[in-house]
1. Beta carbons within 10 angstrom, averaged per residue: use that to sort the peptides 157-163, 355-361, 42-48, 63-69, highest first.
2. Could you state the accessible area per residue of the chain in Å², with a 1.4 Å probe and every protein chain left in place?
3. Is the shape of the chain best called rounded, prolate or oblate, per the rule: a/c under 1.5 gives rounded, else a/b larger than b/c gives prolate, else oblate, with a ≥ b ≥ c the square roots of the Cα gyration tensor eigenvalues?
4. I need the shape label for the stretch 139-271. Rule: rounded when a/c is under 1.5, else prolate if a/b > b/c, else oblate, with a, b, c from the alpha carbon gyration tensor.
5. Indicate, rounded to the nearest 5 percent, the antiparallel portion of the DSSP beta bridges found entirely in the stretch 22-261.
6. Sum -39500 (n - 2.57) across every DSSP H segment of at least 4 residues in the chain, then divide by the residue count to get the 222 nm mean residue ellipticity, nearest 500.
7. When the convex hull of the Cα atoms of the stretch 315-405 is projected onto a plane and the area is averaged over all directions, what value comes out in nm²?
8. Quick one: helix 251-261 against the long Cα principal axis of the chain, what's the angle to the nearest 10°, folded into 0 to 90?
Amino acid sequence: MTAPDHDVIDTPPRAPSPVHKFGTLAVHAGSPHDPVTGAVIESISLSTTFAQTEVGKPVGAYEYTRSSNPNRDNFEKALAALESARYALAFSSGSATTATILQSLASGSHVISVSDVYGGTHRYFTKVAKAHGVSVTFSPSIEIDVATLIKPATKLIWIETPSNPTLSLVDIRAVARIAHDHGILVVVDNTFLSPYIQQPLLHGADIVVHSVTKYINGHSDVLMGVAAFNSPDLHERLSFLQNAIGAVPGAFDCWLAHRGLKTLHLRAREASKNATMVATALEQSPHVIAVNYPGLASHHQRSVAIKQHRSGLGGGMLSFRVRGGQAAAERFCRETRIFTLAESLGGVESLVEVPGAMTHAGIPKDQREAAGVFDDLVRVSCGVEDGEDLVADVLVALERTVNPK
Ligand SMILES: Cc1ncc(COP(=O)(O)O)c(C=O)c1O
């Protein structure tokens, strides 16, 4: 009897293919079986350095972990497949991703951005980009006025759709058409929906970015960011900066985020279903002034959601204005029992927060309110608990908010 040959384990190719659908790619893209042990789940490659047989001749594909690492490579391959991109590059946070893209612009460049971007993106644009000579113009209605805001120095248009926290949408194709006529790149922050619901590159964007910290990892235990794109030129510029700046995620975080990504389609569907139930209940409550949720027929840009989102899904995020001002918004967040009062979003557990006093407190009040971020606005991240329990929790908290004991 011959001993089994452990060196020759059949490892079917795991490369993503356009013939595979999202769930299959999520589970298999960037997930090779280990060619030596056959392990189905990749091991965590903690070594910071990799042996060379001669100067300049590493044993395998790796030299030093900042430049590349097996876990980061596999995560990047998986994410590229899910965003229908040729390339993806991972960074130590969503904010580091933004910073690296902005640093790829020459001094003197101009950027146009939607007004209601994530507070940290706004902070980077207004307080950091300026220091290396990049100016940013904000627009509350970018589809309408993008053409008039373009200058000879404009190099980038930054879109967040849906926006944080007002859930406004941008028609990516409409903006990209004008941008591309002027040779300008379009970046879309897709954090709020995840690639399961929206794939911006398919709607004309040049770069899609994520705070992986949110839906892609999905378990509130990793801080990470990613950018995905198709252009070899962008790959050369951004991978150079990824290594040169060094804001890269560690191997364990890449492994965790890759594990999270494998169930993205299941979580995104469930969170969308729950958010639709919660938004519908809030819309019917006499204690609520208005609900922002792109999955509702009443959303003022519902037609964009139908065009741009998978099956018109609204995602897991919504916000609403509660009667009674900031005090009522804060009381509501203290009264929920399943929803935890906390920043962040996109995890399996449901969260609530008051953006005017928390995530967006750094933006001056007049600018905040012009973008719809009033003091009575509550932002809700629906997790994957049972929808009926979430609805009951919200309705009881609203009653306690208006009729405190
Ligand atoms: C839409 C959006 N983009 C970017 C970021 C920044 O990501 P990170 O916290 O991973 O730096 C966040 C964080 O909340 C976000 O909500």
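1. Numbers: 157-163: 26.1, 355-361: 19.4, 42-48: 14.3, 63-69: 16.9.
For the peptides 157-163, 355-361, 42-48, 63-69, the packing ranking is 157-163, 355-361, 63-69, 42-48.
2. Averaged over the residues of the chain, the accessible area is 43 Å².
3. Oblate.
4. Values: a/c = 2.34, a/b = 1.40, b/c = 1.67.
Note, shape of the stretch 139-271 comes out oblate.
5. On the way: 13 of 30 bridges.
Bridges in the stretch 22-261 that DSSP calls antiparallel: roughly 45 percent.
6. The per-residue figure over the chain is -10500 deg cm²/dmol.
7. Details: hull surface 22.8 nm².
For the stretch 315-405, the mean projected area of the Cα convex hull comes to 5.7 nm².
8. Helix 251-261 sits at roughly 60 degrees to that axis.
The values are calculated or read from the model by the stated rules, or taken from the named source; none is laboratory data. These numbers were taken from a predicted model, which means no experiment stands behind them. So basically every Cβ, Gly included, is an ideal-geometry build from the backbone, and we count neighbours across all protein chains shown. The protein model used for the area step is the full one, side chains on, heavy atoms only, and it has no ligands, DNA or RNA in it. Shrake-Rupley method; radii C 1.70, N 1.55, O 1.52, S 1.80 Å.
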